[in-house]
Structures are given as structure tokens and as C-alpha cells.
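Dumping the structure here so I can ask a few things about it.
The values are calculated or read from the model by the stated rules, or taken from the named source; none is laboratory data. Because the structure is predicted, anything quoted here is derived from the model rather than measured. Neighbour counts run over all protein chains shown; Cβ positions are idealised from the backbone, glycine included. What goes into the accessible areas is simple: the full protein's heavy atoms, side chains included, and nothing from ligands, DNA or RNA. Shrake-Rupley method; radii C 1.70, N 1.55, O 1.52, S 1.80 Å.
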Amino acid sequence: MGEKQNQPFQLLFNASLKVDFQGSRVTSDGGLILVRELDERLGLEKLIEEHWSDSRQGLNKQFTLADLLRQSVYSRLAGYEDLNDAERLAADPTFRLISSQRSWDRGAALTSTLHWFETELLTKEENLIGLMALNRETLGQVEPLDSSSRVVLDMDSSESPVHDEQEGSADNGHFESVCYHPLFLFNHYGDCLAAKLRPGNVHSAEDWDELLLPEIERQQAEGKEVAFRADPAFAKPEIYEALEERGVMYAIRIPANDSLEWDIAELLTRPVGRPSHKPVVRYKGFLYQAASWKTARRVVAKVEFHVGELFPRVGFIVTNLSLPSRAVVRFYNKRGTAEQWIKEGKQAIHWTRLSCHRFRANEARLQLSLLAYNLGNLWRRLVLPKRIDAWSLTSLQQRLVKTGGRLIKHAAITGCCWRRVTSRGGCLEACCTGSRRCPCRTASESGETAKERTAVMQGGKCQRRGRLGLAKQTQQLSRTAKTSCDATQRGHGDLSLNRWSSRCTFLREAKVEIANSP
């Protein structure tokens, strides 16, 4: 990938400025290099080989399935909604370096190739099933790191608006729009364990068993206790019975009715005296059996009196937990985080951007977005330091993924140089997994000027060479095949994410060269 031999031109309003176009050497998505390292440690390429088979022959096999999948997934993680940007990203240094080595100089796949991959190859039944399994197995790679004995599952549905007569779209009275109605299943870490695209006019709990029951069996096979939370859309007797048969604890909100309110009539009386500015909250637990239930179940009621409101706020939760009523309500309220994760997927990954006409193609696009979301969430909760692991995926995109960089090629190494960037409220991550650290420091740290200080790595030792010019520095780096980051090529045999996390260094001004042996 070269540049046209155009000379930089000088600006009239400021003679000291020159403009040069070097698009194939400059990237705005340098942070994806770090996600690519996580991808490598999770063994994503091996999982692709296990779940997919490539039937292409000859020249049709120009790009491997792993390269095409990474380009589709990473473009979504970087915030590119569809394939309109694929032609520009094909020349981007980051998207060339995250692919296999033969794509470094040739470039990544163009729009037509990715369109075939997403709408033709992945829409085959066996490949779509393999993509769903690939997403779940990727999350399974980090489950041995979780020492907890319990997992909490949250299920919720969402709206995916459509803008034309797309296959399977229908008017939804609840959302008051023509849409798809996907269903999502999360764990308490925010990982999306499964998702299913459904027509727009189905009930919110439709096909709940296809997603929930296999996951319960998987978690119980690993010896974990399972708990489940859901909103009133999932208040169905068949769900209660299925969970009770499998020994699953649950807390599901149920709609209010006259019978329930009669059982808590004593709680609905407003407190006597001047209203308190702090809400007055009351709890009560009791047995209740609806007409459609085969047995009585425990129901927890919560009544809140707020200043300026004439009537109290009343909520009911059906549960088989043995906790106190207040603790049951607190446990259920954490279900709201599932709605936040769906919102993150919509805003950062754009997983509701399902613009294909065919329903099956939109199913594949949703699963690709799901994998992008999970990679971003694993990066956030396993790799990043504690002080920023609560950032939203949108913040990670803007502050870490969207990091400017310049591709530097020497005789023996290819590097992606992240220019000095200071992000709002945080800094750029310099991830060096070896025992030696990059010698990049600002001039203020060393007390020297930028011209007086140039760090040259020779055998892992940092030496300062006073007033070395750029040409001389380049010659020194060309003679040296190893840099301070070459240790990342060793020790990839195990999934040591905790060690990697402890070695992540955040610098306010960072300049990192990530070396890749040719």
C-alpha cells in the first residue's frame, strides 16, 4: 500500500506549515491493536476453524475467514455502522495489521467482499449456527477466571427500527413503530450470552426457552448456582415452572391487579403528618396464587410515598428467594443494568442497524455486532485498570479506540506509532507484556528538550544519544530487529489475562511502537 508521489504543498497564510496526504500510513483507530491482542489470547482464530468450514477454492480464497470476520467485527467496535466505510478502511494501517500478515501490504477486504461474507456466506444455516456458537465459546474462554459460585442471568427485549419493507418487520404496538423485536440474554458481568432476532409483532417473551434453558444447563454443568431476573413481560406461569424444576432462583416483576393491592391495603395509607422530603418506603411479603398458577408463590410488594405525588408507587415481584423482602427488591433492581447494556450496544456498536432486506442477513449482522460488543466488554472488564473499567463502550471508543497513529516501516520491523495524545479525563494505554518497558517519556519527565533526547533500543537497554537526527535514528532502528515490545511474541500459550491486566500502563502522553516480526 503506497502513496501517490505528490509533493506536500505550502500554505499561504502560514509559510511554516505544509500539508501532505499519507492516508495509508495514518490511522484514527490505533486502539484496536490492543483489542487484537486480547483476541489472540482468547484463541479466536482457533475457534473460527472449529465452527466454520471454508468451501472456497483457488483465487476466491484471497482473504481467510478469520480476516473477514475480524474486519467486520472490528469495524463495528470502532463505530462504523455498515459497509459504506469498508473501501476506506481497507487501506487503514490498523485494519491491515489486525489481519493476517499477507494483508499488511495488500490491504484489507473491500466492500463487495465483505458484503458477500455477511449476506451470503454467513447466512447459510451451518455458518449462522457456527457464528452463534463462536460468540458463546469466546465468552467461555474467560469463564475459568471467574471464581464465583453463582451466575445471575438477565433477559430483556428491545426495538430495532426498520426504514423500509424489510423481511420480517412488523408494527409493534408497545414501541409504536415498525421494527424488529430482538431478545437478549446477559450475565451479571454484562456479557451478552445469546441473542435472537425476531419479527416485530411477537410478544416480548417469545422464544425465551431457546435462549434461557440451554444457558441454565451449561452453567449448572459447571457447578454454578443460577439466578434469573426479568421484567413483567416474562411473568408467565410456564417460566416459573421451568425455573423451579431446574432449581433456579428467580425474581420477576408482575403487573399489579386488584387482588394484589387488596393484600397490601394497610400499606397504601399515606403516613400521618408533614410529608418527608425523603421517600417513605414500605415492604411486605405474602403468598399469592393467580388463577393461571398451579400453586401459590411468594410475592414481595414495595410501596413508595414521594413528596408532591398524590398516589404511592407500587410494585410487585414474584420470587422463590428466601431473602428478606427488602433484599429481594434490591436484587431485582439491579436488573436495570441489562437495559443499560442494551443501550450501550445500540449507541456504540449500532447492533440495531439492520439494514438488509432479507431477515436471515439481518440475523447474521446482529450476531456480528454481538461478538463486537462482547470483545469490547471483555476488554473493559478484564484488561483495563480499575479506575476506568466502568467507562461505557462509547467512552472507550472516543478515548482509546479512536487513537491517532502512524505506520512506520523499517528494514526489520513494522510498527504502529501512537502519537502523543492526551484524552479528556484519561490517558492512552501502553500495553507491553514483557519485562522491558517502552522508553517513551516526555521531555518534561527527563528535563531534556525533544531535540536533545532520542531513545534507541539496543538489546533491551535504553541509551540516550544527544542530538541524533531523524535519519540517524531511523538507521539505528533499522539495524535493531528487537524493540522493547518484542516480548509480546512470547508466552501466548496460556490465557493469562490477569497478568496482562497488571502490566497495562497508562501514561498521560504515550508513544508506543508495537513491533511485529516480518
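Return the residues of the range 150-201 that are in contact (Cβ under 8 Å) with a residue 60 or more places away in the chain and β-branched (Val, Ile, Thr); say none if nothing qualifies.
VAL151, VAL152, VAL162
Taking the range 13-56 only, how many residues are open to solvent by 30 Å² or more (accessible area, probe 1.4 Å) and among the small types (Gly, Ala, Ser)?
Count: 6.
Specify which of the listed residues (ASP105, ASP164, ASP154) is modelled with pLDDT under 90 and over 29 Å from GLU45 (Cβ atoms).
Criteria check complete, one pass: ASP164.
Right, another one. Residues in the range 27-40: is at least one more than 19 Å from the chain's Cα centre (by Cα) and not in a loop (DSSP other than H, G, I, E, B)?
yes
Looking at the range 91-110, can you tell me whether even one residue there is within 24 Å of VAL202 (Cβ to Cβ), under 24 Å from the mean Cα position of the chain (by Cα) and charged (D, E, K, R)? Working first, answer last.
Narrowing the range 91-110 to residues within 24 Å of VAL202 (Cβ to Cβ): none.
No, there is no match, as no residue in the range 91-110 is within 24 Å of VAL202 (Cβ to Cβ), under 24 Å from the mean Cα position of the chain (by Cα) and charged (D, E, K, R).
Given the conditions (1) more than 24 Å from the chain's Cα centre (by Cα); (2) aromatic (Phe, Trp, Tyr); (3) under 22 Å from LEU371 (Cα atoms), and given that PHE175 satisfies all but one, which numbered condition is not satisfied?
Status for PHE175: all satisfied but (3).
Quick check on my filter: what residues within the range 401-417 are open to solvent by less than 30 Å² (accessible area, probe 1.4 Å) and either modelled with pLDDT of 90 or more or charged (D, E, K, R) (or both)?
VAL401
Right, something else. Please work out if TRP293 is exposed (fewer than 15 other Cβ atoms within 10 Å of the Cβ) and in contact with a Pro (Cβ under 9 Å, 6 or more places away or on another chain). Can you show your working first?
Details: exposed (fewer than 15 other Cβ atoms within 10 Å of the Cβ): yes; in contact with a Pro (Cβ under 9 Å, 6 or more places away or on another chain): yes.
Yes: the conditions hold for TRP293.
How many residues does the range 181-207 hold that are under 30 Å from TRP391 (Cα atoms), open to solvent by less than 60 Å² (accessible area, probe 1.4 Å) and not acidic (Asp, Glu)?
15
Something else about it: In the range 20-49, what count of residues is obtained for those that are modelled with pLDDT under 80 and either closer than 26 Å to GLU143 by Cβ or not aromatic (Phe, Trp, Tyr) (or both)?
Step one: filter the range 20-49 for residues modelled with pLDDT under 80, giving 20-25.
Within this subset, residues satisfying the condition of being either closer than 26 Å to GLU143 by Cβ or not aromatic (Phe, Trp, Tyr) (or both) are 20, 22-25.
Result for the range 20-49: 5.
For the range 81-135, please list each of the helices (runs of 4 or more DSSP H) lying entirely inside it that holds at least 2 residues being among the hydroxyl-bearing types (Ser, Thr, Tyr).
Output list reads 111-116.
I've got another one for you. With respect to the numbered conditions (1) part of a helix (DSSP H, G or I); (2) free of Cβ contacts under 8 Å to residues at least 40 places away in the same chain, which one is the sole condition not fulfilled by SER72?
(2)
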